[in-house]
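The values are calculated or read from the model by the stated rules, or taken from the named source; none is laboratory data. Quick caveat, the model's predicted, so the values are computed rather than measured. All Cβ positions, glycine included, derive from the backbone under ideal geometry; neighbour counts span all protein chains shown. Each accessible area value is taken on the protein alone, full model and side chains, heavy atoms only, with ligands, DNA and RNA left out. Shrake-Rupley method; radii C 1.70, N 1.55, O 1.52, S 1.80 Å.
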Amino acid sequence: MRFEDQRLKLVNELKLEGITSPAVLDAFAKVPRENFVLPEYREYSYQNRPLPIKEGQTISQPLMIAIMLQLLELKSSDTVLEIGTGSGYQSALLAEIVKEVCTVERLESLSLNAQKVLRNAGYNNIYFRIGDGHSGWQKAYPPHKEFDKIIVSAAAQDIPNRLLEQLVIGGKLAIPIGRAGFQILHIVNKTEDGYTITQAGGCSFVPLVCDNNNLG
Ligand code: SAH
């Protein structure tokens, strides 16, 4: 089956799994996942599962990304902070939906590779930072202080304070929290008085590595 047809089949699978957001489904119908996976896994691009990328990391499972994007209730006017650029696949999906994506990756080689793929794909609303995502968007262009939505695509021990600080009031943060191998997806809503947190099911992400114990 051609990749285009496999892509539409995946979109149907996402619908059957409960994804109803037209913006999210449209983004999955547009972004060619085969461009973000290693050549040896290309034939599995549209299987609904994570796949290995370089540096022992993974490109996230499509359904997990879809659930997170749907729960974030993204708007076309949103500016979004993504922690864990990885392959850049989720950055591309976000860039299809929102105004601007700022993405942080601690591994330089992965970030540079994602920058190349995303530039070749013609995205001009994605900005990159190489560093520890616990500190969010620091010393980076454009100089945003706050984001409408924040998505963390690696498993954290707890919710990093610096990320909460960089969320607008009324904004949402999606973050998997828990031990290696199994986490619970948390959705944090920042309110005038503080935060409300809801748990949104189990998930399994690679760990959010802490490079500097003073951060977070
Ligand atoms: N959404 C990406 C997921 C990549 S996996 C995709 O679909 O391809 C998670 C990524 O988070 C990995 O690339 C890993 O290197 C990165 N990561 C782990 N800890 C990090 C940290 N503290 N700061 C920034 N990135 C981190």
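Do you know which residues across the range 53-110 are of a type in the set (S, T, Y), outside any strand (DSSP E or B) and farther than 23 Å from R162 by Cβ?
S76, S77, S87, Y89, S109
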* Tally of residues being free of Cβ contacts under 8 Å to residues at least 40 places away in the same chain, assigned to a loop (DSSP other than H, G, I, E, B) and surrounded by fewer than 16 Cβ atoms within 10 Å (Cβ to Cβ) across the range 159-210 -> 4
* Structure fact -> Within the range 29-43, residues within 14 Å of the ligand (Cβ to nearest atom) and either of a type in the set (D, E, K, R) or open to solvent by 40 Å² or more (accessible area, probe 1.4 Å) (or both) come out as R33, E34, N35, Y41
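This table checks each residue for (1) open to solvent by less than 10 Å² (accessible area, probe 1.4 Å); (2) of a type in the set (A, V, I, L, M, F, W, C); (3) away from the ligand (no atom under 11 Å from the Cβ).
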site: L74; (1), (2), (3): no, yes, yes
site: T85; (1), (2), (3): yes, no, no
site: K116; (1), (2), (3): no, no, yes
site: A121; (1), (2), (3): no, yes, yes
site: K139; (1), (2), (3): no, no, yes
site: H144; (1), (2), (3): no, no, yes
* Qualifying positions in the range 121-158 - in contact (Cβ under 8 Å) with a residue 12 or more places away in the chain and within 23 Å of K30 (Cα to Cα) -> A121, Y123, N125, I126, Y127, F128, K149, I150, I151, V152, S153
* Asked: If you go through the range 1-20 one residue at a time, do you hit one that is more than 17 Å from I67 (Cβ to Cβ), of a type in the set (S, T, N, Q) and at pLDDT 95 or above?
  -> yes
